[in-house]
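Remarks on the structure that follows.
The values are calculated or read from the model by the stated rules, or taken from the named source; none is laboratory data. Values in this document were obtained by computation on a predicted structure and should not be read as measured data. Cβ atoms come from the backbone with ideal geometry, glycine included; neighbour counts cover every protein chain shown. Remember, those area values only see protein heavy atoms, side chains included, never the ligands or the DNA or RNA. Shrake-Rupley method; radii C 1.70, N 1.55, O 1.52, S 1.80 Å.
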Amino acid sequence: MVQAKSWILAKHFDGFPKKSDFNLKVEELPEPKNGEVVLEAVFLSVDPYMRVIQSKNSAFPVGSHVVSSCGWTTHSISDGKDLTPVISDWPKDVSLSLALGAIGMPGLTALHGLEDVLGLKEGETLLVNAAAGAVGSVVGQIAKIKGCKVVGSAGSEAKVAFLKELGFDEAFNYKTVSSLEEALRKASPDGYDCFFENVGGDFSYVAFQQMKYFGRVAVCGSISMYNDATPQIGPFPHLAIMWKELKVEGFMQSRWKDRHPESLRRLMGWYREGKLQCREHITKGFENMPAAFMGMLKGDNTGKAIIAV
């Protein structure tokens with residue numbers, strides 16, 4: 001019998017999450033049935049990364065490493081349908097935690113957003129907000145690989161310095177600039193061909209005004225609005241979208257699931273060549289998961305937030 005610890009919601013969030021919103025549950029898992037596997041978490045984030053420690057499914061022998069969405073739990077049982085194997089020839093000198101970051105879902109989000117949604121071309125100018133996060137930091141680096149000018153915004157001077165280390169052409173702290181409009185115009189006086197949007201709210205409205213005619217916007221997230229108890233109302237960028245004839249498209253990386261193996265190998269290749277740097281914000285201990293989650297929402301992390309179980 002395997003004992004599993006799981007974080008569950010005591011109640012739905014009212015505004016920003018609180019420690020009291022989470023409860024730690026402990027239970028004994030039953031023996032797996034034929035076709036099932038027992039998973040043990042090694043690294044966790046919103047998407048748990050796990051290894052198989054007991055198996056009655058020939059597709060996943062004991063010791064296999066997989067990615068799954070089983071929730072915040074140390075152990076679970078799966079029939080294998082929700083499991084995605086890690087790259088079969090994952091290099092031994094590369095941390096498996098990167099399968100949750102730059103060589104995982106965030107990296108896939110960055111790659112497909114740039115290539116399949118924005119159609120980013122060499123010589124274009126790209127704006128990305130939340131640029132020091134798990135997705136944004138990869139977005140900027142891939143854009144530089146493709147020969148583009150990259151402007152990024154982040155929420156601290158340390159994060160701005162990190163973006164400069166990654167090769168961003170321009171980076172600024174949106175919390176300290178006197179005018180976001182002026183900061184964006186100074187970073188790229190001619191405007192922006194593409195905007196990789198992770199934030200929403202006022203930043204989004206101001207950025208839309210700075211887009212070039214026929215510019216493209218990939219809407220990936222809206223972190224400024226996730227914890228609002230009352231939905232934000234305006235301002236609305238519709239006039240800029242219409243007059244500048246902008247293309248605005250929301251997306252999720254799962255749309256290109258059939259291409260993920262190839263895309264992950266491309267990301268791994270860039271990493272091995274030194275073209276893609278991977279910063280991680282690692283919190284040790286399963287019991288610290290709620291605190292790490294709330295810290296991520298407040299912007300405490302640079303790069304991917306990871307829980308090392």
Conditions (1) open to solvent by less than 10 Å² (accessible area, probe 1.4 Å); (2) modelled with pLDDT of 95 or more -> Asn34 fails only (1)
Of the candidates Thr109, Thr125, Thr84, the one satisfying the condition of being at pLDDT below 95 and of a type outside the set (D, E, K, R) is Thr84
* To do: Report yes if Val52 is surrounded by 17 or more Cβ atoms within 10 Å (Cβ to Cβ) and modelled with pLDDT under 90, otherwise no.
  => yes
Regarding Arg272, is this residue farther than 21 Å from Ala131 by Cα and open to solvent by 30 Å² or more (accessible area, probe 1.4 Å)? yes
(1) modelled with pLDDT of 95 or more; (2) assigned by the TED database to the domain that holds Asp116 all hold for Leu267 apart from (2)
Taking the stretch 83-109 and keeping only residues that are in contact with a strand residue (DSSP E or B) (Cβ under 9 Å, 6 or more places away or on another chain) and open to solvent by 30 Å² or more (accessible area, probe 1.4 Å), one is left with Thr84, Pro85, Trp90, Ser95, Leu96, Met105
### Task
Evaluate the stretch 288-306: report whether one residue or more is touching a Leu at 6+ places or on another chain (Cβ under 8 Å) and open to solvent by 50 Å² or more (accessible area, probe 1.4 Å).
no
Result of the Cβ filter at 8 Å on the stretch 223-247, keeping first residues that are in the same structural domain as Pro17 (by the TED database) and partners that are among the small types (Gly, Ala, Ser) and outside any helix (DSSP H, G or I), at least 6 apart or interchain, is none
Screening Ser156, Ser179, Ser137, Ser188 for residues that are in the same structural domain as Cys220 (by the TED database), of a type outside the set (D, E, K, R) and free of Cβ contacts under 8 Å to residues at least 12 places away in the same chain leaves only Ser179
Those residues of the stretch 110-126 which are open to solvent by 10 Å² or more (accessible area, probe 1.4 Å) and part of a helix (DSSP H, G or I) amount to Glu115, Asp116
